[in-house]
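Trainee: Pasting in a structure now, in structure tokens, and then I'll have a few things to ask.
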Amino acid sequence: MEAQPIKGLKDDPWSRMMTAAIAGDEGAYRRLLEDIGRSVRAMARGAFSRAGVGDADVEDAVQETLLAIHLKRHTWDPAQPLGPWVYAIARHKVVDALRRRGRRRVEPIENFEEFLAAPEAEDPHALSDARKLLETLAPRQRDIVTSISLDGQSVAATAKRLSMSEVAVRVALHRALKSLGAAWRRSVE
Amino acid sequence: MRTSDFINALAADPVPEPIRLGRRVAVALAIGLLGSVTLYCLLLGPRPDVAAASGTMRFWMKFVDSFAFALPTLLLTLRLAYPDAKPSALALWLAAPFLLLAAGVVVELLVVPQSEWMSRLMGATAIHCMITIPMLAAPILAALIVGLRAGAPLHSGLTGAIAGAASAGVAALVYASSCPGDSPLFVATWYPLATLICMGVGALAGRWFLAW
């Protein structure tokens, strides 16, 4: 929990990390996503328990939020702090996740800031549906996503194994993530 | 899949070029407006008595009303393209065109005898107005929706509807010099109805194209 956004200041740690990430700092981006993930997890657990829904889908909501943030990160206005931008997306995705679990009326989630003070680590046994959604991808795309995420391979190693260029792997990865976002959205409807 | 694994995939994804939504929406508006003005020139043109009409207050009020509606709805459209949109103060500005319109209606009711109210309200071209404003709004709405696709609106239907309202406001500005109905009674009845059509189409387009 080294980084917590300070309200109203774009010089807060999250905004700084995102600025660095957009400039190409992969390490900063990874730390930012881990950080946001911990706060979203705390928020999702709280909302799920208030709605009387089990914890089973919490990791889904976290990952869906991270993917949404990821796919739109280049449209964030750097003149505004990142925190509220993230909360808004997270709130929306958690409410979606609850609707998916059949909760028609969902209490609005207000105090996101609270969760920043109490970030929660991932439960190593909690798995998300992302694996199931991966099945909807083309085989090559699925292979690339699995290789880089689950197997922790680098882009370079994946490219070598598949005899592709690194650029082609990254392009395929990007397409795969976009379709994953769309598949997730469809699973809500 | 575990979240830490998932983050590996996200971090390996190349960084896209940053997008400035304000610029996108401005460019979209310019392109849409060009389309709208082209339609106006090809199909409509100014009304025959435009010189005489331009000496009247009623004629110019249409422009003022339309502008007062177009400006806040356009800004609101842009604001809604961000997930953390706070439309509060801007939404209040939306009251301006309605107050202007209401004031115009009150004055009209005071200066025009009651027997003429209905004929003023219906004008000669009510249906024409209802068709023409959405037609002139179509290129603007289409361009705005394309421009907004880069954004991250949380409420895709609402964002589309407000974009529809904005396109109707701009279209009304384009149409005003061709529209033969000047009475505030006419404007207050038919322009909002045409706007509602645009908002409905915008809401549908938003649900289709702006969800992400």
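Trainee: Right, B:SER115: outside any helix (DSSP H, G or I) and either in contact with a Ser or Thr (Cβ under 9 Å, 6 or more places away or on another chain) or surrounded by fewer than 21 Cβ atoms within 10 Å (Cβ to Cβ) (or both) or not?
Mentor: Taking the combined requirement at face value, the residue does not satisfy it.
Trainee: Going by what's in this entry, would A:GLU59 be described as under 21 Å from A:ALA183 (Cα atoms), touching a helix residue (DSSP H, G or I) at 6+ places or on another chain (Cβ under 7 Å) and more than 8 Å from chain B (Cβ to nearest Cβ)?
Mentor: In short, no.
Trainee: Separate question: Residues of segment B:168-212 being surrounded by fewer than 22 Cβ atoms within 10 Å (Cβ to Cβ), part of a helix (DSSP H, G or I) and aromatic (Phe, Trp, Tyr), which ones?
Mentor: B:TRP208, B:PHE209 - these are the residues of segment B:168-212 that are surrounded by fewer than 22 Cβ atoms within 10 Å (Cβ to Cβ), part of a helix (DSSP H, G or I) and aromatic (Phe, Trp, Tyr).
Trainee: Within segment A:91-189, which helices (runs of 4 or more DSSP H) (wholly inside it) include 2 or more residues that are of a type in the set (D, E, K, R) and modelled with pLDDT of 80 or more?
Mentor: So the answer is A:139-148, A:155-161, A:166-188.
Trainee: Name the single residue, out of those in segment B:47-98 being among the basic types (Lys, Arg) and assigned to a helix (DSSP H, G or I), that is surrounded by the fewest Cβ atoms within 10 Å (Cβ to Cβ).
Mentor: That would be B:ARG58.
Trainee: Which of (1) more than 8 Å from chain A (Cβ to nearest Cβ); (2) not hydroxyl-bearing (Ser, Thr, Tyr); (3) not in a helix (DSSP H, G or I) is the odd one out, the single condition B:PRO14 does not satisfy?
Mentor: (1)
Trainee: A further question on this structure: Just need a number here: residues in segment B:1-26 that are in contact with a His (Cβ under 7 Å, 6 or more places away or on another chain), charged (D, E, K, R) and surrounded by 20 or more Cβ atoms within 10 Å (Cβ to Cβ).
Mentor: Going through segment B:1-26 one residue at a time, the tally reaches 1.
Trainee: Could I ask something else about it? Within segment A:23-45, how many residues are at the interface with chain B (Cβ under 9 Å from one of its Cβ atoms) and closer than 21 Å to A:ARG100 by Cβ?
Mentor: Pass one, segment A:23-45, residues at the interface with chain B (Cβ under 9 Å from one of its Cβ atoms): A:23-24, A:26-27, A:29-30, A:33-34, A:37, A:41.
Next cut, closer than 21 Å to A:ARG100 by Cβ only: A:37, A:41.
The total comes to 2.
Trainee: Restricting attention to segment B:27-39, and to residues there that are closer than 12 Å to B:VAL146 by Cα and among the aliphatic types (A, V, I, L, M), which single residue is surrounded by the most Cβ atoms within 10 Å (Cβ to Cβ)?
Mentor: Out of the qualifying residues, it is B:ALA28.
The values are calculated or read from the model by the stated rules, or taken from the named source; none is laboratory data. Because the structure is predicted, anything quoted here is derived from the model rather than measured. Don't worry about glycine lacking a Cβ; one is built from the backbone with ideal geometry, like all the others, and counts go over all protein chains shown.
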